[in-house]
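J.: Structure in structure tokens, see below.
The values are calculated or read from the model by the stated rules, or taken from the named source; none is laboratory data. This structure is a prediction, so every number in the text was calculated from the model and none was measured. Cβ placement follows ideal geometry from the backbone for every residue including glycine, while neighbour counts extend to all protein chains displayed.
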Ligand code: ADP
């Protein structure tokens, strides 16, 4: 029996084979930023990415999270090859790609506005990258079908983009990125043009795709902390051109090392305190206004200024039931009903303190004085003057 011709074999490939090829493509890829700096202006005076050092492991989803203008997209475009760093190197799969044009980097990219070619049918859109890569003609149809199947769009190959909903267009854009079997997938705010319900459905889809393509490294730019917390293995927090923090979602949420991380990843109460006792012999103690509060041991040296971070959902109403718990008293300045919870804003010694409370029988009134409590182990002490990479500010 004659061996099957390559074209036939490829036409029969399904998602499983795509996964295999992605892994086999150019090995397990991974991305490394090696002190990457990008600057604009006539004399390069506007640094928009400042010595970024970051590694995305093969198969890892790394979210770049930060406010608008912090340099996230610039970092992603430096990987894609659309932005040339003024210094530093970008490596993909251990290979220095800093000087390579985009089409030679083996990356797939999806941007916010889909960027489908309006005059091309879905199948032609998905085939575009394959043609640019000079994939043999006989292979293209099979690869297009395979990518459309992965994104649940197999029945739409003959449509034009204008005949699709926003969510469907984004699926086609993802199929187009996957068709070339990239080792690296770059996603730039891929869900922000979708409405809330579609967005949550697409988040689940992206998580599924990642499970099906476990060797593809994904760099995911977003300003939405829910997307970052939900999808990422690790989150790199960016602010003003710098990497400020990097860790798993749980690390950043539960043990933020900086005020910026505490307030950008989740919601945080941040109280200025002075350390009384670093807790070497047990629990630590800090001074806040006229009170002493108990905190976990080992946060900072006695006498130092620090910030106490308490998540609003870990705060309870009333005096602390435990003898070693912390109680704060203040005046309610605002009450927000949020369905499952009430959020109380309480002024404590002139500082705003938020509590997310479940199942309140009576809605507290503005101007009421209330007691709020939290457990020492639910507070995180953030030492003052630490920059985000762990070094002390000058
Ligand atoms: P983010 O993705 O975090 O919103 P960007 O990486 O898009 O941020 O932009 C970072 C900064 O770089 C912004 O201040 C932006 O105005 C600036 N910037 C981006 N692209 C250019 C460009 N081509 N020329 C000049 N400035 C730019």
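J.: Do any strands (runs of 3 or more DSSP E) entirely within region 303-394 hold 2 or more residues that are closer than 15 Å to residue 269 by Cβ, modelled with pLDDT under 90 and not assigned by TED's automatic domain parsing to the domain that holds residue 292, and if so, which?
T.: none
J.: Could you say whether any residue in region 165-185 is within 29 Å of the chain's Cα centre (by Cα), over 17 Å from residue 210 (Cα atoms) and at pLDDT 95 or above?
T.: no
J.: Just wondering, is there one or more residues in region 204-224 that are closer than 28 Å to residue 351 by Cβ and in contact (Cβ under 8 Å) with a residue 24 or more places away in the chain?
T.: Checked against the condition, which is being closer than 28 Å to residue 351 by Cβ and in contact (Cβ under 8 Å) with a residue 24 or more places away in the chain, region 204-224 yields at least one hit.
J.: If you don't mind, there's one more thing I want to ask. Scan region 94-118 residue by residue and report those that are free of Cβ contacts under 8 Å to residues at least 24 places away in the same chain and farther than 25 Å from residue 57 by Cβ.
T.: The answer is 101, and nothing else.
J.: May I ask you to say which residue of 89, 105 is surrounded by 14 or more Cβ atoms within 10 Å (Cβ to Cβ), within 23 Å of residue 42 (Cα to Cα) and assigned by TED's automatic domain parsing to the domain that holds residue 206?
T.: Working: 105 fails: within 23 Å of residue 42 (Cα to Cα).
Of the residues listed, the single one that is surrounded by 14 or more Cβ atoms within 10 Å (Cβ to Cβ), within 23 Å of residue 42 (Cα to Cα) and assigned by TED's automatic domain parsing to the domain that holds residue 206 is 89.
J.: How many residues, within region 213-269, are in a strand (DSSP E or B) and away from the ligand (no atom under 16 Å from the Cβ)?
T.: Counting residues in region 213-269 that are in a strand (DSSP E or B) and away from the ligand (no atom under 16 Å from the Cβ) gives 5.
J.: Across region 57-108, what is the number of residues that are outside any loop (DSSP other than H, G, I, E, B), within 14 Å of the ligand (Cβ to nearest atom) and under 25 Å from residue 166 (Cβ atoms)?
T.: 8
J.: List the pairs whose first member sits in region 68-83 and is on the phi > 0 side of the Ramachandran plot, whose second member is in a helix (DSSP H, G or I) and more than 6 Å from the ligand (Cβ to nearest atom), and whose Cβ atoms are under 7 Å apart, counting only residues at least 6 apart or on separate chains?
T.: Here the result reads 81/102, each pair linking region 68-83 to a residue that is in a helix (DSSP H, G or I) and more than 6 Å from the ligand (Cβ to nearest atom).
J.: So, in region 33-54, exactly how many residues are more than 11 Å from the ligand (Cβ to nearest atom), touching a residue at least 12 places away in the same chain (Cβ under 8 Å) and surrounded by fewer than 15 Cβ atoms within 10 Å (Cβ to Cβ)?
T.: Qualifying residue count for the region: 2.
J.: Which residues, counting only those in region 119-153, are loosely packed, with under 15 Cβ neighbours inside 10 Å, free of Cβ contacts under 8 Å to residues at least 24 places away in the same chain and assigned to a helix (DSSP H, G or I)?
T.: Listed by number, the residues that qualify are 131, 137.
J.: Pick out the one residue from 229, 271, 276 that is in the same structural domain as residue 110 (by TED's automatic domain parsing) and modelled with pLDDT of 90 or more.
T.: Values: 271 fails: in the same structural domain as residue 110 (by TED's automatic domain parsing); 276 fails: in the same structural domain as residue 110 (by TED's automatic domain parsing).
Among 229, 271, 276, only 229 is in the same structural domain as residue 110 (by TED's automatic domain parsing) and modelled with pLDDT of 90 or more.
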